[in-house]
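S.K.: This is the structure I want to talk about, given as structure tokens.
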Amino acid sequence: GNSVTQMEGPVTLSEEAFLTINCTYTATGYPSLFWYVQYPGEGLQLLLKATKADDKGSNKGFEATYRKETTSFHLEKGSVQVSDSAVYFCALSDNTGFQKLVFGTGTRLLVSP
Amino acid sequence: DAGITQSPRHKVTETGTPVTLRCHQTENHRYMYWYRQDPGHGLRLIHYSYGVKDTDKGEVSDGYSVSRSKTEDFLLTLESATSSQTSVYFCAISGGTGAPNTEAFFGQGTRLTVV
């Protein structure tokens, strides 16, 4: 079945450092890929998405590129802020039309001033 | 913010008792979902609905049932709660435009503790 693997955390960075959170997936067909973010005590919010190979999703300085050849969708940001501290989830959706999401285990990011 | 309300937000219940969680949306989205979030597992799909009275099982459906009698309401029932069902439960909606792979919006979550 479909699955998503992402790096374990926590990832601890200083403000303005470069961020990479790795995500790889296993899926049949051509899934859509997503990054969701969860701030403390809240639900998940969509951060960015890509629906086909070589697409780049971007939002709020974060970006990720859909790499079919390596089955990856790594999240990057050039300069993190304290306010980026949250849990980040990589997810995929198959194209059955029901838009069911399969999530990775989540990576906690802690950014210190 | 998408209009999704989960109730209750917190609940403590005893083993063996029935529990119903409610998800209410004001967005008229077609699809509704129940996920549970557990450390080391991320979020896992319990059940989903693709229309009124149209539901199907997800990855971890054992011990749960759902109902959707109106577009706006999706109920999750634990017929006889067990400690393994202690978790944070999230409702999500999607499919506002009917297009595939549109954004899923999540509720604030319900923290359920079974003692």
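The values are calculated or read from the model by the stated rules, or taken from the named source; none is laboratory data. What you see is a predicted model; the values in this text were computed from it and never measured. Here the Cβ positions follow ideal geometry from the backbone for every residue, glycine too, while neighbour counts run over all protein chains shown. With ligands, DNA and RNA removed, areas are computed over all heavy atoms of the protein, side chains included. Shrake-Rupley method; radii C 1.70, N 1.55, O 1.52, S 1.80 Å.
S.K.: Assign unit charges at the C-beta atoms only (+1 for Lys and Arg, -1 for Asp and Glu), then state the dipole size of region B:38-90 relative to its Cα centre in Debye, rounded to the nearest 20.
M.R.: That gives region B:38-90 a dipole magnitude of about 80 debye.
S.K.: Testing the spin-label approximation: label points 7 Å from Cα along Cα→Cβ at A:SER83 and A:SER58. State their distance in nm.
M.R.: Between A:SER83 and A:SER58, the simple spin-label model gives 2.0 nm.
S.K.: For chain A, what does the relative contact order come out to in percent, with C-alpha contacts under 8 Å and a separation of six or more?
M.R.: On the way: 297 pairs, mean separation 41.4, N = 113.
Once normalised by length, the contact order is 37 percent.
S.K.: Compute a Gaussian network model of chain A, connecting alpha carbons closer than 10 Å, and tell me which residue from A:SER83, A:SER72, A:SER58 fluctuates the most.
M.R.: Result: A:SER83 has the largest fluctuation of those listed.
S.K.: Once you keep just the Cα pairs under 8 angstrom separated by 6 or more residues, what percentage relative contact order results for region B:41-115? Don't skip to the end; give the middle numbers.
M.R.: Values: 112 pairs, mean separation 15.8, N = 75.
Dividing the mean separation by the residue count of region B:41-115 yields 21 percent.
S.K.: How big is region B:1-56 by Rg and Dmax over its Cα atoms, in Å?
M.R.: Every Cα atom of region B:1-56 included, Rg and Dmax give 13.2, 36 Å.
S.K.: Give the average, rounded to an integer, of partner chain Cβ atoms located within 10 angstrom of each Cβ in A:60-71.
M.R.: 0
S.K.: Starting at 0 and stepping by 5 Å, how many percent of the alpha carbon pairs of region B:41-89 end up in each bin?
M.R.: Result, from short to long distances: 5, 19, 30, 24, 15, 7, 1 percent.
S.K.: Here's a follow-up. What does the buried accessible surface come to for B and A, summed over both chains, with the probe at 1.4 Å? Round to 100 Å².
M.R.: On the way: alone 6280 and 6160 Å², together 10630 Å².
Summed over both sides, the interface buries about 1800 Å².
S.K.: Same structure again: When Cβ neighbours within 10 Å are restricted to other protein chains, what is their mean count per residue of peptide B:30-37?
M.R.: 3
S.K.: So, with a 1.4 angstrom probe, what is the percent of accessible area on chain A that is carbon and sulfur?
M.R.: On chain A, the fraction of accessible area on carbon and sulfur atoms equals 49 percent.
S.K.: For chain A, I need the span (max minus min coordinate) of the C-alpha atoms along each principal axis, in Å, sorted largest to smallest.
M.R.: 43, 28, 22
S.K.: Per residue, how large is the accessible surface of region B:1-110? Use a 1.4 angstrom probe and give square angstrom. Intermediate values should be presented prior to the final figure.
M.R.: Numbers: 5100 Å² over 110 residues.
In whole numbers, region B:1-110 has 46 Å² accessible per residue.
S.K.: What pairs from A:LYS49/A:LYS100; A:LYS100/B:LYS53; A:LYS56/A:LYS100; A:LYS56/A:LYS77; A:LYS49/B:LYS53 go past 23 Å between their alpha carbons?
M.R.: A:LYS49/B:LYS53
S.K.: Hey, another quick one. Taking only the alpha-carbon atoms of the protein assembly as shown, what semi-axes of the equivalent ellipsoid follow from 5 times the gyration tensor eigenvalues under a square root, in whole Å, largest first? Don't skip to the answer; put the middle values down first.
M.R.: Values: eigenvalues 172, 86, 49 Å².
Each semi-axis is √(5λ); the values are 29, 21, 16 Å.
S.K.: Let me ask something else. Go through region A:73-86 residue by residue and turn each phi into a ³J(HN,Hα) via Karplus (6.51, -1.76, 1.60, θ = phi - 60°); whole Hz please, and just put x for glycine and proline.
M.R.: Result, rounded to whole Hz: 8, 6, 8, 9, 8, x, 8, 7, 10, 4, 5, 7, 4, 4.
S.K.: Give me the percent of accessible area attributable to carbon and sulfur for chain B, probe 1.4 angstrom.
M.R.: That fraction is 47 percent.
S.K.: With the crude spin-label approximation of a point 7 Å out along Cα→Cβ, what separation in nm comes out for B:THR5 versus B:ASP56?
M.R.: Modelled inter-label distance: 3.1 nm.
S.K.: Tell me, what are the semi-axes, in whole angstrom and largest first, of the equivalent ellipsoid of chain B as set by the roots of 5 times the Cα gyration tensor eigenvalues?
M.R.: Value: 23, 14, 13 Å, ordered largest first.
S.K.: Please find, in a Gaussian network model of chain B (springs between Cα atoms separated by less than 10 Å), the residue of B:GLY16, B:GLY58, B:GLY40 whose mean-square fluctuation is greatest.
M.R.: Maximum among the listed residues: B:GLY40.
S.K.: A follow-up question, please. Using 7 Å Cα-to-Cβ label points, what is the B:ASP38/B:THR13 separation (nm, one decimal)?
M.R.: In this crude label model, B:ASP38 to B:THR13 measures out at 1.7 nm.
S.K.: Per residue, what volume in Å³ does the convex hull of the Cα atoms of region A:55-113 enclose? Write out the running numbers ahead of the final one.
M.R.: Values: hull volume 6.4 nm³, N = 59.
Convex hull volume per residue, Cα atoms: 108 Å³.
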